[in-house]
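Worksheet: the structure to be examined is printed underneath.
The values are calculated or read from the model by the stated rules, or taken from the named source; none is laboratory data. Just so you know, these numbers come straight off a predicted model, no measurement behind them. Every residue, glycine among them, receives a Cβ derived from its backbone with ideal geometry; neighbour counts consider all protein chains shown.
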């Protein structure tokens, strides 16, 4: 264990050297290969030990020490945390490319076009053409994507990854907090790409529909979604109906969401319409009605119950039969209840 | 940069164009341009800025993500960018592959929109990705999609790019994909046939090696699957032979190729009797089946009759043509003669059988000698055929007498044979010589010495070895009752010849 910790610490220091120091000026291809090998070693360490809380704690402590000492020496140093370990090779690459002292010959080597792969040549990983390959993959995706449905492949891969990760987090124990934290972090990062995030969630739910192994993460995701109205309202209506059909809890939650949307509405006299007053209005009264109808069609048992609730709400609003005074009344008449 | 200051901007824009960065060659060129702009020892601010900019662009290209969700996922899931992009690409390729497989222009439903446009667009999009290994399943699927539509489904750029990548060995294709490529694009087939011809004529190879080369080129297999490919290949062979009818390596290539082709054809359609006429439309139909039958498929006793009949038919055909067009020197007249001869070249196993028969049972050698003379000298230029026939008979008789004397013949008897290369039909005489050495009743030592002397003095060691090898090949693969004695003699003679190098 001692040796492993030492290696871990040394690799993080190596990364710092690669990213911030001028000694890389003297590096050659063999140094770069070795650095990547060490990074790969740390990735391997992570995959072996990340589910072991005791060892994880020890490693985190070691990392903290190393980070501290590096921070004292290097201005503007960004810490390497335990959860960064599985991407260490990528971080090394980013560091190298951002370091202006890296000799141009190394860059040329990294961007060289990969020839036929020669696996047996050296003991060290062949890093020639590493960047070239990445660029090729990215470009190839862009070239091929007009032929597929927009973002279909990307969203599907992301959805799959998401579910895998959830599954892994949930299988560790009964504590759901890491999974919630994960989803929360991702959502937060995707703040600007709300639509893309919804596509991913959609794909995630669709691909795991019939998969027996994925029921736990799927349930968890559905639970989590119930409170995230901003995401819910951007999901495709058909998907929501399917989900409502499947899960009773989701059904009730979805109904609650629809009711909440209704309660947020205000009547605009000039337009003669109910309009949502929240910051991101996306549902019109018409759409809301359609959604209710679709929901009742899919889940007939809900109709009676909801009718009672809506009637009660209408009564609490004064029980008028005039349009524009109570959203509940107008809803009831639109739904022919 | 001084002359064209906007060059930097242009290059910068190109870096972000995926159609440029996806293809190996274009990406390479772009990077070479960038390296060219980089100054190792910057001497002024402009150069320093340029250096900085180049580094920044490269860093961005390799590490920046424009997809926010992807970045979030990668960061929180610990998936490195390379793995992520690889996954996405693989998934996309699989999706497109599925689409290609599904779309099929079915003539039954005319109202259904032709999906060939999709395939065309996909093939166009794949042009920069030809050498990308992750895209190869899609390329294979595109190539092997059944050709059902009247319109050309695959873009020409795509086929051209594939063809040149394959021939410069930047790409490896699976067998069926290669066959489809040849089927779609005739230029690529022509290139394959020409490169086979080149490799065969540049190196002297034994018959076994030749067989292997031909089989490995996958051309026989492709031709067995598509009749049109066989016809084109044969046309190429025809034009080569018309210009160089004496070229023995090309002749043996044609023979080996035809044999491999027939074997592949038999594999493909074991039960049904193939309409050979479709594959050999220009050959005289009466000779087709008799010539294509292998000697090993017939009992040895019936060879003579068969060969006599063949010889007679050939003679009739050639004389018809030549006399029929006596005065008119049109090439039309010799068309049939050429096709007959070409078919004989394709089925040269009968020529070899004739040589063997001449040596082992020498009665009534007339028809056999005529057959051999025709094979080696198809054109009756200056009406020399009669003369060549006489020369062939003389050579045969001379050899017979040399090999029938039980004592070692004196050197002067072999004199005329020694001047082999300058004689009218050196290869005819040489094959007779080798066959005599193998099949005669003389003790092996005598035969060996005769062969050795003649070959050494005439300098035709390699050619003799070739004849010997092809004889061995023919005897061992057929069900000829080749006894041990013959094989032993062949082996010994081969040893002698190899020691002569």
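Scanning region A:73-94 for residues that are more than 16 Å from residue A:48 (Cα to Cα), surrounded by fewer than 20 Cβ atoms within 10 Å (Cβ to Cβ) and more than 7 Å from every other protein chain (Cβ to nearest Cβ) yields A:73, A:74, A:75, A:76, A:77, A:78, A:79, A:81.
Against the definition (assigned to a loop (DSSP other than H, G, I, E, B) and either at the interface with chain A (Cβ under 8 Å from one of its Cβ atoms) or at pLDDT below 85 (or both)), how does residue B:2 come out, yes or no? Yes.
Go through region A:50-130 and tell me which helices (runs of 4 or more DSSP H), entirely inside it, have 2 or more residues that are outside the structural domain of residue A:12 (by the TED database) and at pLDDT 85 or above. Please lay out each step first, then the result.
Working: elements: A:53-73, A:88-98, A:104-111.
Answer list for region A:50-130: A:104-111.
Just one of (1) surrounded by 19 or more Cβ atoms within 10 Å (Cβ to Cβ); (2) at pLDDT 85 or above; (3) in contact with a helix residue (DSSP H, G or I) (Cβ under 7 Å, 6 or more places away or on another chain) trips up residue B:157, so point out which. With (1) surrounded by 19 or more Cβ atoms within 10 Å (Cβ to Cβ); (2) at pLDDT 85 or above; (3) in contact with a helix residue (DSSP H, G or I) (Cβ under 7 Å, 6 or more places away or on another chain) applied to residue B:157, the lone miss is (1).
Can you find, within region A:195-210, the residue that is farthest from the other protein chains (Cβ to nearest Cβ) among those that are part of a helix (DSSP H, G or I), modelled with pLDDT under 75 and touching a helix residue (DSSP H, G or I) at 6+ places or on another chain (Cβ under 7 Å)?
Initial filter on region A:195-210 (part of a helix (DSSP H, G or I)): A:195-207.
Imposing the further condition that a residue be modelled with pLDDT under 75 reduces the set to A:195-196, A:207.
Restricting the remaining residues to those that are touching a helix residue (DSSP H, G or I) at 6+ places or on another chain (Cβ under 7 Å) gives A:196, A:207.
On the way: A:196: 4, A:207: 11 Å.
Once the filter is applied, the top-ranked residue is A:207.
Against the conditions (1) crowded, with 16+ Cβ neighbours inside 10 Å; (2) within 31 Å of the chain's Cα centre (by Cα); (3) under 21 Å from residue A:101 (Cα atoms), residue A:45 satisfies every one except (3).
If we scan region A:279-286, do we find a residue that is outside the structural domain of residue A:223 (by the TED database) and in a helix (DSSP H, G or I)? Yes, the conditions are met somewhere in region A:279-286.
Kindly indicate whether any position in region B:102-116 is more than 9 Å from chain A (Cβ to nearest Cβ), within 30 Å of residue B:62 (Cβ to Cβ) and at pLDDT below 85. Even if it seems obvious, please write down each step before you answer.
The first filter runs over region B:102-116 and keeps only residues more than 9 Å from chain A (Cβ to nearest Cβ), leaving B:102-116.
When the remaining residues are screened for being within 30 Å of residue B:62 (Cβ to Cβ), the result is none.
The answer is no, given that none of the residues of region B:102-116 is more than 9 Å from chain A (Cβ to nearest Cβ), within 30 Å of residue B:62 (Cβ to Cβ) and at pLDDT below 85.
Scanning region B:361-386 for residues that are modelled with pLDDT under 80, assigned to a helix (DSSP H, G or I) and surrounded by fewer than 17 Cβ atoms within 10 Å (Cβ to Cβ) yields a count of 4. Evaluate region B:51-63: report whether one residue or more is closer than 30 Å to residue B:4 by Cβ, at pLDDT below 85 and out of contact with any helix residue (DSSP H, G or I) (no Cβ under 9 Å at 6 or more places or on another chain). No: zero hits. The set of residues in region B:163-185 being more than 15 Å from residue B:225 (Cβ to Cβ) and part of a helix (DSSP H, G or I) consists of B:163, B:164, B:165, B:166, B:167. Filtering B:193, B:200, B:232 for residues that are surrounded by fewer than 21 Cβ atoms within 10 Å (Cβ to Cβ) and in a helix (DSSP H, G or I) leaves a single hit, B:232.
Please tell me if residue A:35 is within 14 Å of another protein chain (Cβ to nearest Cβ), touching a residue at least 12 places away in the same chain (Cβ under 8 Å) and under 22 Å from residue A:111 (Cβ atoms).
Working: within 14 Å of another protein chain (Cβ to nearest Cβ): no; touching a residue at least 12 places away in the same chain (Cβ under 8 Å): yes; under 22 Å from residue A:111 (Cβ atoms): yes.
Taking the combined requirement at face value, the residue does not satisfy it.
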